[in-house]
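Below is one structure, written out as structure tokens; comments come after it.
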Amino acid sequence: MAGLADLFGHMNDTERLHLNIYRDWGGLNSHNSWWDHHDTAEMVDIESLFPYLRFLDYEINPVINNSFTNDAGIDGSSWQYNSAGQSTLTLHFWLHFDSYYDFLDKKRDIQNYFTSKAAFELSFSNHPIIHARCYTSKCDMTLKDQGTHDLLFDVEMINALGLWFTNKTSLLQKRWKSDWLYDLHM
């Protein structure tokens with residue numbers, strides 16, 4: 001794990017990928033408050049919530065559902081349409097801790113955050129205007145080697161929409177930045 005410490009030691013903060021997140025509480029008698037408050041709600045860098053945590057990377061691949069029909073007297077199938085299905089977004093993290101008890105405390109804090117009854121609005125520093133709305137499906141932080149003070153772990157989230165989205169036009173107009181043209185494919 002010394003390689004990770006060396007890597008982050010010489011990278012400045014702007015070179016690294018950052019995860020911006022907003023926790024949108026859900027559950028009984030709750031609704032999607034993101035759309036009520038997105039003009040004023042602030043997404044925060046996950047590392048500002050957990051200074052001992054480093055976000056490394058993310059993975060997501062689209063799930064495409066194709067629909068075919070079979071007609072009598074015609075060989076094979078005819079394609080009709082496709083739709084985007086829910087996809088899995090995997091967040092990769094690096095956690096550094098000082099002792100086993102420090103690990104247990106930090107693990108509890110991170111897992112409590114990600115396993116709350118909430119949806120998470122996510123964006124990344126390489127495309128800040130494109131968001132995904134996700135729900136945590138797995139947050140396994142198993143310490144395999146107790147001789148180290150570092151843990152690489154993943155948080156798996158379900159992107160129920162299957163796709164990325166942007167905010168409403170009113171927010172884009174209020175906070176417009178020229179680099180958003182790239183995210184909007186303009």
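The values are calculated or read from the model by the stated rules, or taken from the named source; none is laboratory data. Note that the structure is a prediction, hence the values are computed from the model and not measured. Please note: Cβ atoms are built from the backbone with ideal geometry, for glycine as well, and neighbour counts cover all protein chains shown. All accessible areas refer to the heavy atoms of the entire protein, side chains included, with ligands and DNA or RNA removed. Shrake-Rupley method; radii C 1.70, N 1.55, O 1.52, S 1.80 Å.
Taking 7 Å along the Cα-to-C-beta vector as the label spot, tell me the SER116-ASP71 distance in nanometres, rounded to one decimal.
5.4
Going by amide H atoms built from the backbone, whose H comes under 5 Å of the H on ILE158, apart from near neighbours?
The list, which skips near neighbours in sequence, is LEU89, TYR135, THR136, SER137.
Just by accessible area at a 1.4 angstrom probe, what is the order of GLU121, GLU156, GLU47, GLU15 from largest to smallest? Write out the running numbers ahead of the final one.
On the way: GLU121 0, GLU156 60, GLU47 20, GLU15 115 Å².
Heavy-atom accessible area, descending, gives GLU15, GLU156, GLU47, GLU121.
So for segment 38-78, taking the charge dipole from beta-carbon charges (+1 Lys/Arg, -1 Asp/Glu), which of ILE64, ILE46, ILE74 sits furthest toward the positive end?
ILE74
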